[in-house]
Amino acid sequence: MSLVSNGLVPSGVDDTPEYPETLTQADPVPAAELAVFDTIALSELTELSFPIWSDWWDVYVLRQGGTLSFIDRHSGDILSQESVPFLTRALDLFTLLHTGQGASPWGAIAGLISLSVPFFTVTGFIIWLRRRHPKPRGMVSLANADVVILVGSETGTTWGFAVHLAQQLRDAGKAVHLSGMNKTCHMREDATLLLLAATYGDGTPPSGAAQFLERLPGYQGGQHFAVLGFGDKAFPAYCAFAINCQNALTASGRTSLLPMGDINRRSAQAFTAWGHKLAVPLGLNSLVLDYTPPRPKTRQLELAEREDFTGYDGTASAILRFRAPKKRRLPGFNAGDLLGIVPPQDPVARLYSLASSKREGMVELCVASVKGGICSNYLLGLEPGQQIDAYVEHNPDFRPARRAPTIMIGAGTGIAPLQA
Ligand SMILES: Cc1cc2nc3c(=O)[nH]c(=O)nc-3n(C[C@H](O)[C@H](O)[C@H](O)COP(=O)(O)O)c2cc1C
(Lines give C-alpha, C1' and ligand atoms only; values in the text may rest on other atoms or scores of the structure.)
Protein backbone atom coordinates (compact mmCIF):
# COMPACT_ATOMS: atom_id res chain seq x y z
CA MET A 1 0.00 0.00 0.00
CA SER A 2 2.77 2.43 0.84
CA LEU A 3 4.61 1.58 -2.39
CA VAL A 4 1.45 2.45 -4.35
CA SER A 5 0.79 5.61 -2.30
CA ASN A 6 4.34 6.80 -2.94
CA GLY A 7 4.05 6.10 -6.66
CA LEU A 8 6.77 3.42 -6.62
CA VAL A 9 4.40 0.75 -7.91
CA PRO A 10 1.46 1.47 -10.27
CA SER A 11 -1.94 1.07 -8.64
CA GLY A 12 -3.53 -0.30 -11.79
CA VAL A 13 -6.14 2.50 -11.73
CA ASP A 14 -4.74 3.92 -14.95
CA ASP A 15 -5.02 0.54 -16.68
CA THR A 16 -8.84 0.63 -16.77
CA PRO A 17 -10.22 -0.23 -20.19
CA GLU A 18 -11.46 2.41 -22.56
CA TYR A 19 -14.82 3.90 -21.62
CA PRO A 20 -17.55 3.08 -24.14
CA GLU A 21 -19.72 6.09 -24.88
CA THR A 22 -23.50 6.15 -25.14
CA LEU A 23 -24.58 6.30 -28.68
CA THR A 24 -27.53 8.60 -28.35
CA GLN A 25 -27.79 12.00 -26.84
CA ALA A 26 -30.84 12.13 -24.60
CA ASP A 27 -31.94 13.55 -21.27
CA PRO A 28 -30.28 11.62 -18.45
CA VAL A 29 -32.50 9.38 -16.34
CA PRO A 30 -32.03 9.45 -12.51
CA ALA A 31 -30.17 6.37 -11.31
CA ALA A 32 -33.09 5.27 -9.12
CA GLU A 33 -35.20 4.83 -12.24
CA LEU A 34 -32.76 2.50 -13.99
CA ALA A 35 -33.93 -1.09 -13.57
CA VAL A 36 -30.39 -2.49 -13.80
CA PHE A 37 -29.53 -1.22 -10.31
CA ASP A 38 -32.49 -3.09 -8.76
CA THR A 39 -30.97 -6.38 -9.87
CA ILE A 40 -27.70 -5.91 -7.97
CA ALA A 41 -27.50 -6.75 -4.27
CA LEU A 42 -25.56 -4.22 -2.22
CA SER A 43 -23.29 -7.00 -0.93
CA GLU A 44 -22.14 -7.65 -4.54
CA LEU A 45 -21.30 -4.02 -5.18
CA THR A 46 -17.62 -3.10 -4.89
CA GLU A 47 -17.67 0.36 -6.43
CA LEU A 48 -20.02 2.56 -8.47
CA SER A 49 -18.81 5.68 -10.33
CA PHE A 50 -21.49 8.10 -11.50
CA PRO A 51 -21.28 9.81 -14.88
CA ILE A 52 -20.60 13.53 -15.03
CA TRP A 53 -24.11 14.97 -15.32
CA SER A 54 -23.31 17.52 -18.00
CA ASP A 55 -21.36 15.06 -20.23
CA TRP A 56 -24.16 13.27 -22.10
CA TRP A 57 -21.71 10.66 -23.42
CA ASP A 58 -20.46 9.58 -19.97
CA VAL A 59 -21.49 6.22 -18.41
CA TYR A 60 -21.96 4.52 -15.04
CA VAL A 61 -18.98 2.33 -14.13
CA LEU A 62 -20.05 -0.48 -11.85
CA ARG A 63 -17.58 -2.83 -10.23
CA GLN A 64 -18.61 -6.20 -8.82
CA GLY A 65 -15.48 -7.95 -7.50
CA GLY A 66 -13.29 -8.61 -10.52
CA THR A 67 -15.77 -7.38 -13.19
CA LEU A 68 -16.27 -3.82 -14.47
CA SER A 69 -19.56 -3.04 -16.24
CA PHE A 70 -20.19 0.12 -18.25
CA ILE A 71 -23.86 1.11 -18.07
CA ASP A 72 -25.72 3.44 -20.35
CA ARG A 73 -27.14 6.35 -18.35
CA HIS A 74 -30.33 6.58 -20.41
CA SER A 75 -31.35 2.99 -21.10
CA GLY A 76 -29.59 1.20 -18.23
CA ASP A 77 -28.12 -1.26 -20.78
CA ILE A 78 -24.77 -2.88 -20.03
CA LEU A 79 -22.63 -1.55 -22.87
CA SER A 80 -19.53 -3.65 -22.19
CA GLN A 81 -17.76 -5.62 -19.48
CA GLU A 82 -14.07 -5.97 -18.61
CA SER A 83 -11.95 -7.68 -15.98
CA VAL A 84 -10.40 -5.51 -13.29
CA PRO A 85 -6.56 -5.31 -13.65
CA PHE A 86 -4.61 -7.71 -11.44
CA LEU A 87 -2.85 -4.91 -9.54
CA THR A 88 -6.14 -3.33 -8.52
CA ARG A 89 -7.39 -6.66 -7.20
CA ALA A 90 -4.15 -7.22 -5.29
CA LEU A 91 -4.41 -3.75 -3.77
CA ASP A 92 -8.00 -4.51 -2.71
CA LEU A 93 -6.75 -7.57 -0.86
CA PHE A 94 -3.99 -5.60 0.88
CA THR A 95 -6.47 -2.91 1.88
CA LEU A 96 -8.80 -5.55 3.30
CA LEU A 97 -5.98 -7.20 5.26
CA HIS A 98 -4.79 -3.89 6.67
CA THR A 99 -8.09 -2.21 7.42
CA GLY A 100 -10.64 -4.98 7.59
CA GLN A 101 -12.83 -2.67 5.48
CA GLY A 102 -15.94 -4.54 4.36
CA ALA A 103 -15.18 -7.68 6.38
CA SER A 104 -16.29 -7.13 9.95
CA PRO A 105 -14.81 -10.29 11.61
CA TRP A 106 -11.44 -9.58 10.00
CA GLY A 107 -11.89 -5.90 10.90
CA ALA A 108 -12.23 -6.91 14.56
CA ILE A 109 -9.06 -9.03 14.34
CA ALA A 110 -7.15 -6.22 12.55
CA GLY A 111 -8.38 -3.81 15.26
CA LEU A 112 -7.06 -6.08 18.01
CA ILE A 113 -3.75 -6.45 16.19
CA SER A 114 -3.43 -2.68 15.95
CA LEU A 115 -3.98 -2.45 19.72
CA SER A 116 -0.83 -4.54 20.13
CA VAL A 117 1.20 -1.53 18.98
CA PRO A 118 0.54 0.59 22.10
CA PHE A 119 0.71 -2.60 24.21
CA PHE A 120 4.22 -3.48 23.00
CA THR A 121 5.31 0.14 23.19
CA VAL A 122 4.32 0.43 26.84
CA THR A 123 5.57 -3.00 27.94
CA GLY A 124 8.82 -2.51 25.98
CA PHE A 125 9.33 0.81 27.75
CA ILE A 126 8.74 -0.83 31.14
CA ILE A 127 11.25 -3.62 30.34
CA TRP A 128 13.78 -1.00 29.22
CA LEU A 129 13.23 0.97 32.44
CA ARG A 130 13.71 -2.16 34.53
CA ARG A 131 16.87 -3.16 32.69
CA ARG A 132 18.38 0.28 32.91
CA HIS A 133 21.19 0.32 35.39
CA PRO A 134 22.25 3.18 37.61
CA LYS A 135 25.39 4.94 36.43
CA PRO A 136 27.22 6.85 39.14
CA ARG A 137 28.39 10.38 38.46
CA GLY A 138 31.93 11.15 37.41
CA MET A 139 32.54 8.11 35.20
CA VAL A 140 35.00 8.55 32.31
CA SER A 141 35.14 7.08 28.80
CA LEU A 142 36.81 3.70 28.20
CA ALA A 143 39.86 5.31 26.62
CA ASN A 144 40.51 7.50 29.67
CA ALA A 145 39.86 4.96 32.41
CA ASP A 146 42.46 3.77 34.93
CA VAL A 147 39.96 1.17 36.07
CA VAL A 148 37.29 -0.48 33.89
CA ILE A 149 34.52 -2.24 35.82
CA LEU A 150 32.39 -4.68 33.81
CA VAL A 151 29.21 -6.18 35.27
CA GLY A 152 27.48 -9.47 34.46
CA SER A 153 24.07 -9.46 36.08
CA GLU A 154 20.62 -10.94 35.52
CA THR A 155 18.44 -9.55 38.27
CA GLY A 156 20.47 -6.43 38.91
CA THR A 157 21.91 -6.93 42.40
CA THR A 158 25.50 -7.18 41.14
CA TRP A 159 25.05 -3.70 39.64
CA GLY A 160 24.43 -2.32 43.14
CA PHE A 161 27.80 -3.71 44.29
CA ALA A 162 29.52 -2.45 41.12
CA VAL A 163 28.16 1.08 41.46
CA HIS A 164 29.39 1.26 45.05
CA LEU A 165 32.82 -0.01 44.00
CA ALA A 166 32.98 2.55 41.16
CA GLN A 167 32.08 5.39 43.55
CA GLN A 168 34.70 4.36 46.09
CA LEU A 169 37.43 4.07 43.43
CA ARG A 170 36.44 7.45 41.94
CA ASP A 171 36.59 9.02 45.43
CA ALA A 172 40.05 7.48 45.83
CA GLY A 173 41.18 9.42 42.74
CA LYS A 174 40.89 6.77 40.04
CA ALA A 175 39.38 7.49 36.62
CA VAL A 176 36.66 4.80 36.40
CA HIS A 177 34.53 3.43 33.56
CA LEU A 178 31.53 1.22 34.39
CA SER A 179 29.49 -0.83 31.93
CA GLY A 180 27.95 -4.25 31.17
CA MET A 181 30.03 -7.26 30.20
CA ASN A 182 28.45 -7.71 26.77
CA LYS A 183 30.32 -4.71 25.40
CA THR A 184 33.59 -5.10 23.49
CA CYS A 185 36.27 -3.04 25.24
CA HIS A 186 39.28 -1.22 23.89
CA MET A 187 41.05 -0.10 27.05
CA ARG A 188 44.31 1.56 27.82
CA GLU A 189 47.14 -0.94 28.01
CA ASP A 190 47.79 -0.05 31.68
CA ALA A 191 44.10 0.02 32.65
CA THR A 192 42.92 -2.42 35.31
CA LEU A 193 39.93 -4.55 34.37
CA LEU A 194 37.57 -5.52 37.23
CA LEU A 195 34.91 -8.09 36.41
CA LEU A 196 31.90 -8.55 38.69
CA ALA A 197 29.92 -11.54 37.42
CA ALA A 198 26.95 -13.55 38.67
CA THR A 199 26.29 -17.19 37.65
CA TYR A 200 23.06 -18.82 36.55
CA GLY A 201 23.20 -22.58 36.34
CA ASP A 202 26.03 -24.80 35.27
CA GLY A 203 28.50 -22.05 34.37
CA THR A 204 25.82 -20.19 32.46
CA PRO A 205 26.36 -16.43 32.25
CA PRO A 206 23.56 -14.05 33.17
CA SER A 207 21.99 -12.50 30.05
CA GLY A 208 23.94 -9.28 30.66
CA ALA A 209 27.19 -11.18 30.07
CA ALA A 210 26.18 -13.84 27.55
CA GLN A 211 28.54 -12.55 24.85
CA PHE A 212 31.55 -11.84 27.04
CA LEU A 213 33.63 -14.98 26.43
CA GLU A 214 32.95 -14.84 22.69
CA ARG A 215 33.99 -11.18 22.50
CA LEU A 216 37.01 -11.39 24.79
CA PRO A 217 39.50 -12.14 21.95
CA GLY A 218 38.53 -8.74 20.48
CA TYR A 219 39.38 -6.90 23.72
CA GLN A 220 42.38 -4.61 23.72
CA GLY A 221 44.39 -3.40 26.72
CA GLY A 222 43.51 -4.02 30.36
CA GLN A 223 46.66 -6.02 31.09
CA HIS A 224 45.78 -6.43 34.77
CA PHE A 225 42.51 -7.80 36.00
CA ALA A 226 40.58 -9.09 39.00
CA VAL A 227 37.38 -11.14 38.96
CA LEU A 228 34.72 -11.15 41.68
CA GLY A 229 32.11 -13.89 41.34
CA PHE A 230 28.57 -13.53 42.74
CA GLY A 231 26.74 -16.74 43.44
CA ASP A 232 25.01 -18.96 45.91
CA LYS A 233 26.65 -21.99 47.51
CA ALA A 234 23.30 -23.78 47.41
CA PHE A 235 23.94 -24.28 43.67
CA PRO A 236 26.41 -27.02 42.73
CA ALA A 237 28.19 -24.86 40.12
CA TYR A 238 29.07 -22.13 42.60
CA CYS A 239 30.32 -19.00 40.78
CA ALA A 240 31.09 -21.22 37.78
CA PHE A 241 30.75 -18.44 35.21
CA ALA A 242 33.12 -16.16 37.13
CA ILE A 243 35.62 -19.05 37.24
CA ASN A 244 35.31 -19.42 33.45
CA CYS A 245 35.98 -15.68 33.07
CA GLN A 246 39.01 -15.85 35.37
CA ASN A 247 40.42 -18.73 33.28
CA ALA A 248 39.67 -17.04 29.96
CA LEU A 249 41.33 -13.77 31.04
CA THR A 250 44.39 -15.65 32.26
CA ALA A 251 44.53 -17.61 28.98
CA SER A 252 44.39 -14.30 27.07
CA GLY A 253 47.81 -13.44 28.54
CA ARG A 254 46.57 -10.93 31.11
CA THR A 255 47.79 -10.88 34.69
CA SER A 256 45.50 -11.52 37.63
CA LEU A 257 46.03 -8.97 40.42
CA LEU A 258 44.69 -11.35 43.07
CA PRO A 259 43.05 -14.78 43.25
CA MET A 260 39.42 -14.75 42.12
CA GLY A 261 37.09 -13.46 44.86
CA ASP A 262 33.61 -14.85 45.49
CA ILE A 263 30.50 -13.47 47.15
CA ASN A 264 28.07 -16.02 48.50
CA ARG A 265 24.46 -14.83 48.71
CA ARG A 266 25.30 -11.16 48.28
CA SER A 267 27.35 -11.11 51.47
CA ALA A 268 28.28 -7.54 52.46
CA GLN A 269 31.16 -8.83 54.65
CA ALA A 270 32.76 -10.80 51.80
CA PHE A 271 32.56 -7.69 49.61
CA THR A 272 34.29 -5.56 52.25
CA ALA A 273 37.03 -8.18 52.63
CA TRP A 274 37.61 -8.29 48.85
CA GLY A 275 37.90 -4.47 48.82
CA HIS A 276 40.72 -4.63 51.41
CA LYS A 277 42.60 -7.13 49.24
CA LEU A 278 42.10 -5.12 46.05
CA ALA A 279 43.43 -1.90 47.60
CA VAL A 280 46.98 -3.25 47.68
CA PRO A 281 47.59 -3.96 43.94
CA LEU A 282 45.70 -0.78 43.04
CA GLY A 283 48.18 1.21 45.13
CA LEU A 284 45.50 2.60 47.46
CA ASN A 285 45.94 3.09 51.18
CA SER A 286 42.50 1.68 51.75
CA LEU A 287 39.38 0.74 49.84
CA VAL A 288 36.40 0.56 52.17
CA LEU A 289 33.50 -1.21 50.48
CA ASP A 290 30.49 -0.88 52.74
CA TYR A 291 27.45 -1.94 50.75
CA THR A 292 24.38 -3.94 51.72
CA PRO A 293 22.01 -4.76 48.85
CA PRO A 294 18.46 -3.48 49.38
CA ARG A 295 16.03 -6.06 50.70
CA PRO A 296 13.92 -7.50 47.85
CA LYS A 297 10.25 -6.50 47.77
CA THR A 298 8.40 -9.32 49.45
CA ARG A 299 4.78 -10.42 49.92
CA GLN A 300 3.19 -12.34 52.73
CA LEU A 301 2.32 -15.98 52.19
CA GLU A 302 0.40 -18.06 54.73
CA LEU A 303 1.20 -21.68 55.53
CA ALA A 304 -1.99 -23.60 54.68
CA GLU A 305 -0.83 -27.15 55.38
CA ARG A 306 2.24 -29.27 55.90
CA GLU A 307 3.10 -32.93 55.48
CA ASP A 308 6.06 -34.11 57.56
CA PHE A 309 8.52 -36.85 56.60
CA THR A 310 11.71 -38.24 57.98
CA GLY A 311 14.55 -38.80 55.51
CA TYR A 312 16.39 -42.15 55.37
CA ASP A 313 19.14 -40.63 57.53
CA GLY A 314 16.67 -39.19 60.02
CA THR A 315 16.64 -35.68 58.52
CA ALA A 316 13.42 -33.82 59.26
CA SER A 317 11.74 -32.73 56.05
CA ALA A 318 8.33 -31.51 54.97
CA ILE A 319 6.16 -30.46 52.09
CA LEU A 320 4.87 -26.98 52.90
CA ARG A 321 1.89 -25.49 51.07
CA PHE A 322 1.38 -21.73 51.18
CA ARG A 323 -1.59 -19.68 50.07
CA ALA A 324 -2.13 -15.95 49.71
CA PRO A 325 -3.56 -14.40 52.91
CA LYS A 326 -7.22 -13.33 52.71
CA LYS A 327 -7.96 -10.61 50.11
CA ARG A 328 -4.48 -10.97 48.63
CA ARG A 329 -3.40 -12.73 45.48
CA LEU A 330 -0.60 -15.20 44.90
CA PRO A 331 2.34 -13.76 42.95
CA GLY A 332 2.57 -14.95 39.33
CA PHE A 333 4.97 -17.85 38.77
CA ASN A 334 5.73 -20.77 36.48
CA ALA A 335 7.06 -24.26 37.10
CA GLY A 336 10.85 -23.93 37.43
CA ASP A 337 10.75 -20.53 39.19
CA LEU A 338 12.21 -20.05 42.64
CA LEU A 339 10.76 -18.64 45.82
CA GLY A 340 13.00 -16.21 47.68
CA ILE A 341 12.29 -16.42 51.41
CA VAL A 342 13.55 -13.83 53.85
CA PRO A 343 13.76 -15.43 57.32
CA PRO A 344 13.17 -13.04 60.24
CA GLN A 345 16.66 -13.73 61.63
CA ASP A 346 18.52 -12.65 58.47
CA PRO A 347 17.73 -10.04 55.78
CA VAL A 348 19.38 -12.19 53.09
CA ALA A 349 16.85 -14.20 51.11
CA ARG A 350 17.23 -17.93 50.44
CA LEU A 351 16.01 -19.41 47.18
CA TYR A 352 13.82 -22.53 47.05
CA SER A 353 12.65 -24.29 43.90
CA LEU A 354 8.87 -24.18 43.56
CA ALA A 355 7.23 -27.59 43.74
CA SER A 356 3.82 -26.51 42.45
CA SER A 357 2.46 -25.20 39.20
CA LYS A 358 0.36 -22.06 38.90
CA ARG A 359 -2.82 -24.05 38.30
CA GLU A 360 -2.70 -25.54 41.80
CA GLY A 361 -3.51 -22.16 43.33
CA MET A 362 -0.81 -22.45 45.98
CA VAL A 363 2.93 -22.31 46.42
CA GLU A 364 4.48 -25.61 47.46
CA LEU A 365 8.00 -26.17 48.80
CA CYS A 366 9.93 -29.32 49.71
CA VAL A 367 12.18 -28.46 52.63
CA ALA A 368 14.75 -30.63 54.37
CA SER A 369 16.46 -29.52 57.55
CA VAL A 370 20.06 -28.36 57.07
CA LYS A 371 22.35 -28.51 60.10
CA GLY A 372 22.69 -24.92 61.34
CA GLY A 373 20.54 -23.74 58.39
CA ILE A 374 18.68 -20.57 59.37
CA CYS A 375 15.98 -20.67 56.72
CA SER A 376 15.27 -24.41 56.47
CA ASN A 377 14.84 -24.73 60.23
CA TYR A 378 12.73 -21.57 60.36
CA LEU A 379 10.43 -23.03 57.67
CA LEU A 380 10.25 -26.44 59.35
CA GLY A 381 9.20 -24.70 62.59
CA LEU A 382 6.17 -22.99 61.00
CA GLU A 383 2.62 -23.86 62.04
CA PRO A 384 -0.38 -23.59 59.66
CA GLY A 385 -1.69 -19.99 59.73
CA GLN A 386 1.76 -18.44 60.19
CA GLN A 387 3.03 -16.10 57.48
CA ILE A 388 6.36 -15.73 55.72
CA ASP A 389 7.97 -12.93 53.67
CA ALA A 390 8.67 -14.15 50.15
CA TYR A 391 9.08 -13.14 46.53
CA VAL A 392 9.22 -15.01 43.24
CA GLU A 393 12.55 -15.15 41.42
CA HIS A 394 11.78 -15.93 37.79
CA ASN A 395 13.93 -18.55 36.14
CA PRO A 396 12.94 -18.51 32.45
CA ASP A 397 15.82 -20.76 31.32
CA PHE A 398 14.60 -23.57 33.55
CA ARG A 399 11.28 -24.47 31.97
CA PRO A 400 10.14 -27.88 30.78
CA ALA A 401 10.10 -28.19 26.98
CA ARG A 402 6.66 -27.27 25.67
CA ARG A 403 6.21 -29.84 22.95
CA ALA A 404 9.07 -32.30 23.14
CA PRO A 405 8.42 -35.56 25.01
CA THR A 406 10.23 -35.31 28.32
CA ILE A 407 11.97 -37.95 30.42
CA MET A 408 12.34 -36.83 34.03
CA ILE A 409 15.02 -38.39 36.16
CA GLY A 410 14.70 -37.93 39.91
CA ALA A 411 18.18 -38.86 41.08
CA GLY A 412 17.54 -38.18 44.74
CA THR A 413 18.05 -34.43 45.03
CA GLY A 414 16.11 -31.44 43.78
CA ILE A 415 12.72 -33.14 43.85
CA ALA A 416 10.79 -29.84 43.90
CA PRO A 417 11.16 -28.76 40.27
CA LEU A 418 10.31 -32.31 39.12
CA GLN A 419 7.11 -32.14 41.10
CA ALA A 420 6.31 -28.65 39.72
C1 LIG B 1 17.71 -19.30 38.74
C2 LIG B 1 18.98 -19.05 39.47
C3 LIG B 1 20.07 -19.86 39.20
C4 LIG B 1 21.28 -19.65 39.86
N5 LIG B 1 22.32 -20.46 39.60
C6 LIG B 1 23.47 -20.28 40.26
C7 LIG B 1 24.57 -21.17 40.05
O8 LIG B 1 24.50 -22.12 39.29
N9 LIG B 1 25.73 -20.92 40.71
C10 LIG B 1 25.86 -19.90 41.61
O11 LIG B 1 26.91 -19.74 42.18
N12 LIG B 1 24.82 -19.04 41.84
C13 LIG B 1 23.63 -19.20 41.20
N14 LIG B 1 22.58 -18.36 41.43
C15 LIG B 1 22.74 -17.25 42.39
C16 LIG B 1 23.02 -15.94 41.69
O17 LIG B 1 24.18 -16.00 40.91
C18 LIG B 1 23.22 -14.88 42.79
O19 LIG B 1 22.00 -14.71 43.48
C20 LIG B 1 23.68 -13.53 42.25
O21 LIG B 1 23.98 -12.70 43.36
C22 LIG B 1 22.63 -12.86 41.41
O23 LIG B 1 23.16 -11.67 40.84
P24 LIG B 1 22.30 -10.71 39.91
O25 LIG B 1 21.12 -10.21 40.70
O26 LIG B 1 23.22 -9.58 39.59
O27 LIG B 1 21.88 -11.44 38.69
C28 LIG B 1 21.39 -18.57 40.79
C29 LIG B 1 20.28 -17.77 41.05
C30 LIG B 1 19.10 -18.00 40.39
C31 LIG B 1 17.94 -17.11 40.67
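Nearest 20 debye, what's the magnitude of the dipole of region 349-420 about its Cα centre given +1 on Lys and Arg Cβ and -1 on Asp and Glu Cβ? Walk me through the intermediate numbers first.
On the way: 7 positive and 6 negative charges, 66 e Å.
Dipole magnitude for region 349-420 comes out near 320 debye.
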Inset, instruction - Check the chain and count each lysine pair with an alpha-carbon distance under 21 angstrom, considering only pairs eight or more places apart or from different chains. - result: 9
Legend entry - Carbon and sulfur %, accessible surface of region 299-419 computed with the full protein complex present, 1.4 Å: 52 percent
Inset, instruction - Rank Asp262, Asp171, Asp146 by mean-square fluctuation in a GNM of the chain with C-alpha springs under 10 angstrom and give only the top-ranked residue. - result: Asp171
Legend entry - Selected from Tyr60, Ser80, Phe94, residue furthest toward positive end of dipole (region 37-104; charges at beta carbon): Phe94
Legend entry - Distance in nm between pseudo-label sites at Thr67 and Ser256 (7 Å out along the Cβ direction from Cα): 8.4 nm
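Calculated FRET efficiency, Val122 and Trp56, Cβ-Cβ r, R0 51 Å, to nearest 0.05?
Values: r = 59 Å, r/R0 = 1.16.
My answer for the efficiency is 0.30.
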Inset, instruction - Would you mind working out the accessible area per residue for the chain, using a 1.4 Å probe, and quoting it in Å²? - result: 58 Å²
Legend entry - From phi via Karplus (6.51, -1.76, 1.60), per-residue ³J(HN,Hα) for region 96-113 in Hz, x at Gly/Pro: 4, 5, 7, 10, x, 4, x, 9, 4, x, 5, x, 5, 5, 4, x, 5, 4
Inset, instruction - Can you work out the PRE-style zone for Gln81? Point 7 Å along Cα to Cβ, and I want the residues of region 24-51 with backbone N under 16 Å. - result: 36-41, 44-47
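To the nearest 0.05, how large is the calculated FRET efficiency for Leu112 and Asn285 if R₀ is 45 Å and r is the Cβ-Cβ distance? If you can, show how the numbers build up before the last one.
Values: r = 64 Å, r/R0 = 1.43.
After rounding, the FRET efficiency stands at 0.10.
Treating the beta-carbon of each Lys and Arg as +1 and of each Asp and Glu as -1, no other charges, what is the dipole magnitude of the chain about its Cα centre, to the nearest 20 debye?
It comes to approximately 3280 debye.
So in the chain, what percent of DSSP beta bridges are antiparallel if you round to the nearest 5?
Values: 40 of 65 bridges.
Taking every DSSP beta bridge within the chain, about 60 percent pair in antiparallel fashion.
Mind putting a number on the dipole of region 2-99 about its Cα centre? Charges go on the C-beta only, +1 for Lys and Arg and -1 for Asp and Glu, and I need it in Debye to the nearest 20.
Using Cβ point charges on Lys, Arg, Asp and Glu, region 2-99 gives about 360 debye.
Between Thr46 and Glu33, 0.36 nm times their residue separation minus their Cα-Cα distance comes to what?
On the way: separation 13, 0.36 × 13 = 4.68 nm, distance 2.06 nm.
Roughly 2.6 nm would be gained on extension.
How much length, in nm to one decimal, is gained on full extension between Arg295 and Ala248, taken as 0.36 nm per residue of separation minus their Cα-Cα distance? Numbers along the way, then the final one.
On the way: separation 47, 0.36 × 47 = 16.92 nm, distance 3.33 nm.
Full-extension gain reported as 13.6 nm.
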Inset, instruction - Using Cα centres only, tell me the gap between region 318-370 and region 96-160 in whole Å. - result: 29 Å
Legend entry - Estimated inter-spin distance, Gln25 and Arg403, nm [label 7 Å along Cα→Cβ]: 7.2 nm
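Take the solvent-accessible surface of the protein heavy atoms, probe 1.4 Å, and return the percent of it on region 142-279 that carbon and sulfur atoms account for.
Taking all protein chains in place, region 142-279 shows 51 percent carbon and sulfur surface.
Would you mind calculating the gained length between Val370 and His276 on full extension (0.36 nm times residue separation, minus the Cα-Cα distance), in nm to one decimal? Could you put the intermediate results ahead of the total?
Working: separation 94, 0.36 × 94 = 33.84 nm, distance 3.20 nm.
Between Val370 and His276, full extension yields an extra 30.6 nm.
The values are calculated or read from the model by the stated rules, or taken from the named source; none is laboratory data. No experiment lies behind these values; they were computed from the predicted model shown. Cβ: placed from backbone, ideal geometry, glycine included. Neighbour counts: every protein chain shown. All accessible areas refer to the heavy atoms of the entire protein, side chains included, with ligands and DNA or RNA removed. Shrake-Rupley method; radii C 1.70, N 1.55, O 1.52, S 1.80 Å.
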